[in-house]
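Remarks on the structure that follows.
Computed from the coordinates by the stated procedures, all read-outs in this text should not be read as laboratory data. Bear in mind the structure is a predicted one, so any value in this text is a computation, not a measurement. Here the Cβ positions follow ideal geometry from the backbone for every residue, glycine too, while neighbour counts run over all protein chains shown.
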Amino acid sequence: MHEAVFKPLPKQAGRQGVKVHLTARQIKTMGWTKSLQISWAIVKGMFMTWRHLFRRPTTFNYPNRKRAQAPRFRGIHRLQRHDDGLERCVGCGLCAVVCPSDAIYLEARENTPERRVSHGERYASLYQIDMLRCIFCGFCEEACPEDAIILGADWEAASVDRRDFVYAKSRLLAPLEQKDRFRRGMTWPDESPETTPASTDLPEYYQKLQNKPA
């Protein structure tokens, strides 16, 4: 097909540069009120810079110094021990069942008189947590009846190998010298907090609110 058949493309408007400064003529024609506003904005900006110049730094010299975490911080998981050194985990599997991301896998075995690992009938012979799938919701900590698993204060888990993020029992279990660092898991309060009753439970409550004079 001949080129004359095609319609010519419309010319694009040339891009105009953005002026980032004012000329001397523009400054002279500018009113004294506008000039005063611009000067005051510059003074305020310099004052804020001067004020922050003498403040103490808010950053930490990491990793030489680390910020203290809250008592309920949800970090890397930890399997706790009893005072006598035995494992608290009894291999019930509730943590794996309640996990919404299916990040926990365990296999249970029976305790024997010759080899007793926990106080219960069974113990977790294999316990693994995939940290790449874990969302640190704390459901496993809440569901555990033995307070065996908690989300501790450690959070450094960087690695360049994906296999390093599958934490085995040898990595999760607290050492014997740290068995006294026991902390209870997430539990429900003994008394339910007082909340506004639902309309299905107490409909007359809302009727009184509607009839109440403003």
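Computed from phi, the 3J(HN,Hα) profile of the stretch 125-134 under the Karplus parametrisation 6.51, -1.76, 1.60 (θ = phi - 60°) reads 6, 9, 9, 9, 10, 8, 5, 6, 9, 5 Hz, with x in place of Gly and Pro. Remark on the stretch 77-178: Rg and Dmax equal 13.4, 43 Å (Cα only). For the pair residue 39 and residue 183 in one chain, pulling the backbone fully straight at 0.36 nm per residue adds 45.9 nm over the alpha carbon distance.
Backbone phi angles across the stretch 142-148, fed through the Karplus curve with coefficients 6.51, -1.76 and 1.60 (θ = phi - 60°), yield HN-Hα couplings of 6, 7, 5, x, 10, 6, 7 Hz in residue order; Gly and Pro are listed as x. Here the contact order of the stretch 77-178, divided by its residue count and restricted to Cα pairs under 8 Å and six or more residues apart, works out to 35 percent. Of the peptides 47-54, 107-114, the order by per-residue mean of other Cβ atoms within 10 Å, starting with the highest, comes out as 107-114, 47-54.
Using the Cβ of residue 185 as centre and a radius below 12 Å, the other residues enclosed give a net charge of +2, where K and R count +1 and D and E count -1.
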